[in-house]
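What follows is one structure encoded as structure tokens, with my remarks underneath.
The values are calculated or read from the model by the stated rules, or taken from the named source; none is laboratory data. What you see is a predicted model; the values in this text were computed from it and never measured. Every residue, glycine among them, receives a Cβ derived from its backbone with ideal geometry; neighbour counts consider all protein chains shown.
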Amino acid sequence: MMSDVILEMSERMEKSVDAFRVELSKVRTGRASISILDGINVDAYGSAMPLNQVGTVTIPESRMIVIQPWDPQMLPAIEKAILKSDIGLNPVNDGKNIRLNIPMLTEERRKELVKMVKKIAEEFRVAIRNVRRDAIETLKKQKKDKEISEDDLFKYQDEAQAETDTHVKMIDKSTALKEKEVMEV
């Protein structure tokens, strides 16, 4: 039987892995991806709205994203929001649509992106280890309060380490895939 502490720890680690994958999807590669635009909000009708809620976002080619607003009057606001974001792309407004051309990445830029991916991965590995540490501290407190035996403590610590190893491997696997994708020409 798994301890509630271990189950909660596992859920928190799973959320960290999911958050890591979301963060990775925002890292730009040489190809167009709609996830690059995640987090961009457009000032529409007096409130900030996600970009995908003010128009249709499509990828007609591997190196281009096209945004077709439902209301043509939103073009300047969309353009401004993209320029204000830190995605590093210049919008081209043709009066009906906004085009984002994804430039080829230089070798130097690819290496910078790989370093950035590794840095993000390390931050999430540390977060997972912190979750493990919190769980083990809780288990030690339970042992001190005589809620669990010393044998249970050791068993749960082993389970916590196994869960940690599993989740760190998930991050490592996603990191390797993203590095490969970034370095692909």
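Data table
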{"quantity": "Residue match in the stretch 14-21 (condition: closer than 30 Å to K140 by Cα, of a type in the set (G, A, S) and at pLDDT 90 or above)", "calculated": "yes"}
{"quantity": "Subset of the stretch 138-163 (residues that are closer than 14 Å to R12 by Cβ and not β-branched (V, I, T))", "calculated": "A160, E163"}
{"quantity": "Top-ranked residue of the stretch 79-101 - restricted to ones that are part of a helix (DSSP H, G or I) and in contact with a Pro (Cβ under 6 Å, 6 or more places away or on another chain), ranked as nearest to V27 (Cα to Cα)", "calculated": "I82"}
{"quantity": "The stretch 96-125: number of residues that are exposed (fewer than 13 other Cβ atoms within 10 Å of the Cβ) and modelled with pLDDT under 85", "calculated": "3"}
{"quantity": "Residues satisfying the stated conditions in the stretch 154-185, i.e. within 18 Å of K140 (Cα to Cα), surrounded by fewer than 16 Cβ atoms within 10 Å (Cβ to Cβ) and not small (G, A, S)", "calculated": "F154, D158, Q161"}
{"quantity": "Boolean, A77 is modelled with pLDDT of 85 or more, touching an Asp or Glu at 6+ places or on another chain (Cβ under 6 Å), over 25 Å from K15 (Cβ atoms) and not assigned by TED's automatic domain parsing to the domain that holds I171", "calculated": "yes"}
